[in-house]
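The structure appears below as structure tokens.
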2 protein chains.
Amino acid sequence: MGSKQSPDSRQSHSTRQRQAVLHSTRSSPLFRSTQEIHTELRSAGESVGLATVYRHLQSLAGEGVLDTLQTKKGELLYRCCRSDGHHHHLVCEHCGRTTEIDGEEIEAWIEQAAIRHGYTNVSHTFEMFGLCDACRRGSAKG
Amino acid sequence: MGSKQSPDSRQSHSTRQRQAVLHSTRSSPLFRSTQEIHTELRSAGESVGLATVYRHLQSLAGEGVLDTLQTKKGELLYRCCRSDGHHHHLVCEHCGRTTEIDGEEIEAWIEQAAIRHGYTNVSHTFEMFGLCDACRRGSAKG
DNA sequence: GTTACTGCAAAAACTTTGCATTATT
DNA sequence: AATAATGCAAAGTTTTTGCAGTAAC
């Protein structure tokens, strides 16, 4: 179970653009959209095409080099992977800071629930959003 | 905690179009996209504009009348609510059938995890995808 | 009669694709 | 030199918006 086929990762040459994209994701602890990363690269003086950024982010995510996160509105965001195993994110909606959460308990729960309902080959999406401690203190609430 | 402000739900008049949209979501056990629902309505002879379907689905979801589900690729799907409380979905990727899962355990786990990391006002996204029993039997696997 | 909804079509936002050019191995 | 990546711009998708007309209360 769970044998991952090698994703179709073209884009394996080590080009300046690929390095730039990778470096950009490593330079920020936040998950960011393709467009944001592209803008950042341009601002930093890197000349990279938007399509190229799209291609590399997809490729890198497919290879497991980057983590992806889907916002509630459906945007796909990218960030460098911090850990190997399967994990989830606790994202501060105010500052964007992310805490990785080991999902063992949840995985077990999911497995149970799936079996109980006769499902197999189960995958899932799971993200948590909230207000981190620092932001709670900083931003007074009405 | 968790006091929901009333969403800005305009579209409160009971019009033929609103009824049609609502009826359509009730006529199918599956989560469907706005475009799919619009197409279905048109096929059924209902004259409804696409923008109107978008507006009503958003409105109804905001009011809690419809459930939403986000696919892995970011599409937002709608279906009539089956239960009041907070719950999650186990979606068959083959036939689209959905099983609602009470999320009490998971809610508790999330609460714990959030507190442990100093987060407050936590919300989450969580969906499970798999192959249901019927489809597993039906579709032979390589 | 007033207010809100509808539909169209235009616009907006985002992502993918074709192809000639350029860089990498 | 051969092969793959790049960049641009065009095309493809999906969702939102403006506004005149229409329906609901």
TODO: Name the residue, out of B:18, B:10, that is of a type outside the set (A, V, I, L, M, F, W, C) and modelled with pLDDT under 95.
DONE: B:10
Task: Pair list, Cβ under 9 Å, 6 or more apart: the range A:55-76 residue facing chain B (nearest Cβ under 9 Å), other residue surrounded by fewer than 17 Cβ atoms within 10 Å (Cβ to Cβ) and acidic (Asp, Glu) - done: A:74/B:75
Task: Check on residue A:63, charged (D, E, K, R) and touching a Pro at 6+ places or on another chain (Cβ under 7 Å) - done: yes
Open item on the list: Can you say whether residue A:45 is away from DNA strand D (no atom under 11 Å from the Cβ), away from every other protein chain (no Cβ under 14 Å) and over 21 Å from residue B:75 (Cβ atoms), as far as the supplied structure shows?
Closed with: yes
TODO: Say whether the condition of being at pLDDT 90 or above, among the hydroxyl-bearing types (Ser, Thr, Tyr) and surrounded by fewer than 20 Cβ atoms within 10 Å (Cβ to Cβ) is met by at least one residue in the range A:75-98.
DONE: no
- [ ] Could you check, for the range A:77-90, whether at least one of its residues is within 15 Å of DNA strand C (Cβ to nearest atom) and within 14 Å of another protein chain (Cβ to nearest Cβ)?
- [x] yes
Open item on the list: Kindly evaluate residue B:53 against the criterion of being farther than 23 Å from residue B:135 by Cα, outside any helix (DSSP H, G or I), touching a His at 6+ places or on another chain (Cβ under 8 Å) and outside the structural domain of residue B:110 (by TED's automatic domain parsing).
Closed with: no
Task: Candidates A:106, A:101, A:115, filtered to the one that is facing chain B (nearest Cβ under 9 Å), away from DNA strand D (no atom under 14 Å from the Cβ), out of contact with any Leu (no Cβ under 6 Å at 6 or more places or on another chain) and within 23 Å of residue B:88 (Cβ to Cβ) - done: A:106
Task: residue A:35 within 14 Å of DNA strand D (Cβ to nearest atom) and either over 27 Å from residue B:123 (Cβ atoms) or under 14 Å from the mean Cα position of the chain (by Cα) (or both) - done: no
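The rows are residues; the columns are (1) of a type in the set (S, T, N, Q); (2) more than 21 Å from residue B:98 (Cα to Cα); (3) at pLDDT 95 or above.
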residue: B:29; (1), (2), (3): no, no, no
residue: B:34; (1), (2), (3): yes, no, yes
residue: B:41; (1), (2), (3): no, yes, yes
residue: B:46; (1), (2), (3): no, yes, no
residue: B:49; (1), (2), (3): no, yes, yes
residue: B:57; (1), (2), (3): no, no, yes
residue: B:63; (1), (2), (3): no, yes, no
Task: Scan of the range B:56-73 for residues that are within 10 Å of DNA strand D (Cβ to nearest atom) and part of a helix (DSSP H, G or I), ordered by number - done: B:57, B:58
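The values are calculated or read from the model by the stated rules, or taken from the named source; none is laboratory data. Worth saying up front: this structure is predicted, and the values here are computed from it rather than measured. As a convention, Cβ positions derive from the backbone with ideal geometry for all residues, glycine included, and neighbour counts pool all protein chains shown.
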